[in-house]
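Here the structure comes first, spelled out in structure tokens, and everything after it is commentary.
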Amino acid sequence: GKLAGALEVPADFTVAVAGLGAPTSGPPARPTAVVLTNPGVGSLASSLASQIAQLAVHQASLELGKTLTAGPQGQDPGSTGAARLLLADPIAVRVQVGHPIGVRTGVGLAAFYYTLLVVLTAFLGGSIISNGVDVGLGYAYSELGPWRTRRPVVPISRTATLAVKSAMSVVIAALSCSMIMIAAVLILDLDTTHLPLLWIFSFCATVAVGLGVQAINAAFGGIGQIVSMFVFVALALPSSGATIPLEALPSFYRVLSEFEPMRQLSDGIRAIMYFDARADAGLTRAWVMTAVGTAAALVFGFAMTTYYDRKHLHRMVVRTE
């Protein structure tokens with residue numbers, strides 16, 4: 001899952017080059033290099049790797065042609081024009097898929113879109129849960145059309161509020177990732193395997209992002225949703241490497257890709273969908289980073305709320321008369 005393509009030189013390549021210009025009863029065997037593509041890493045990455053490999057073979061063919069035309073084969077007065085053209089550009093290129101994937105996989109982009117759905121549902125779900133709990137506890141207004149209401153304030157600490165929101169995020173994660181799988185696999189007939197593992201990983205990924213959203217909202221308050229949007233969407237999309245390979249991006253995004261969640265999640269989902277859930281295809285790193293992200297969200301969120309509670313920085317002071 002790390003290589004976008006490869007260049008394979010057959011074992012008989014040197015023999016085929018040495019045989020150029022030699023008298024044969026039929027057409028001469030042209031040396032052939034094979035470019036292997038890997039659509040599982042993404043259509044653009046695979047296409048770029050194929051183009052670069054073909055260009056490299058073409059340049060090598062021209063350099064080899066200069067040597068051959070200056071040698072005995074090229075100086076033979078009895079050689080035909082076709083033979084001389086073959087000597088000038090002797091190497092042929094054959095492109096073939098090195099690691100085939102399913103037909104209904106969006107040319108390798110299905111893993112990215114699946115990851116995007118997981119992240120967006122977790123982000124939006126976390127924001128909705130946060131606002132809904134605040135409304136239920138009386139810390140925010142409830143608006144429906146022109147009607148605006150507010151429930152009585154429930155005296156509850158920031159830490160307890162975060163615990164409620166986090167628990168709800170875990171419950172909603174099971175529902176949201178199940179709906180994503182039903183839509184992708186049953187309705188759209190996504191070509192994939194390891195469905196139980198895909199569901200478990202999607203659930204853990206949704207939980208990690210949801211807890212991250214709750215922690216950021218608890219720490220930053222009203223601007224928490226904006227911060228979450230940058231962390232989980234705005235900066236995560238270009239640094240995921242799922243559509244545009246990281247090697248083609250500025251160094252800023254390559255640095256972000258080391259810890260931005262969408263890169264880790266897309267690698268894990270891609271390994272499950274396209275590479276038989278192999279650990280060395282990115283799945284192990286995805287599990288480790290998901291666990292690290294979950295732990296970091298819990299530690300950061302509860303550390304901030306505990307600090308606020310100890311400093312008596314309550315969300316609302318209820319006046320008593």
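Name every residue in region 237-270 that is under 16 Å from Pro39 (Cβ atoms) and either surrounded by fewer than 23 Cβ atoms within 10 Å (Cβ to Cβ) or modelled with pLDDT of 90 or more (or both), in order of residue number.
Within region 237-270, the subset under 16 Å from Pro39 (Cβ atoms) is 241-245, 266-267, 269-270.
Within region 237-270, Thr243, Ile244, Pro245, Ser266, Asp267, Ile269, Arg270 qualify.
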Open item on the list: Just to check your reading of the model, which residue among Ser239, Ser266 is in contact with a helix residue (DSSP H, G or I) (Cβ under 8 Å, 6 or more places away or on another chain), among the polar types (S, T, N, Q) and outside any helix (DSSP H, G or I)?
Closed with: Ser239
- [ ] Determine which single condition Arg94 fails, assuming it passes every other condition in (1) more than 30 Å from Pro10 (Cα to Cα); (2) touching a residue at least 60 places away in the same chain (Cβ under 8 Å); (3) among the charged types (D, E, K, R).
- [x] (1)
Open item on the list: Whether any residue in region 137-152 is over 30 Å from Ser239 (Cα atoms), in contact with a helix residue (DSSP H, G or I) (Cβ under 7 Å, 6 or more places away or on another chain), at pLDDT below 95 and charged (D, E, K, R) is what I want to check.
Closed with: yes
Open item on the list: Which of the numbered conditions does Ala163 fail, given that it passes all the others? Conditions: (1) modelled with pLDDT of 85 or more; (2) outside the structural domain of Ala183 (by TED's automatic domain parsing); (3) in a helix (DSSP H, G or I).
Closed with: (2)
- [ ] Filter the strands (runs of 3 or more DSSP E) completely within region 1-97 down to those with at least 3 residues that are buried (at least 17 other Cβ atoms within 10 Å of the Cβ) and at pLDDT 85 or above.
- [x] 32-37
Task: Residues being of a type in the set (Phe, Trp, Tyr) and either surrounded by 17 or more Cβ atoms within 10 Å (Cβ to Cβ) or modelled with pLDDT under 95 (or both) - total across region 288-320 - done: 2
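So is Ala183 assigned to a helix (DSSP H, G or I) and over 16 Å from the mean Cα position of the chain (by Cα) or not? Walk me through how you get there before you give the answer.
Details: assigned to a helix (DSSP H, G or I): yes; over 16 Å from the mean Cα position of the chain (by Cα): yes.
It is true that Ala183 is assigned to a helix (DSSP H, G or I) and over 16 Å from the mean Cα position of the chain (by Cα).
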- [ ] Search region 27-46 for residues that are free of Cβ contacts under 8 Å to residues at least 24 places away in the same chain and pair each with any residue that is among the hydroxyl-bearing types (Ser, Thr, Tyr) when their beta-carbon atoms are under 7 Å apart and the residues are at least 6 apart or on different chains.
- [x] none
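The values are calculated or read from the model by the stated rules, or taken from the named source; none is laboratory data. Given the structure is predicted, the values throughout are model-derived calculations rather than measurements. Cβ: placed from backbone, ideal geometry, glycine included. Neighbour counts: every protein chain shown.
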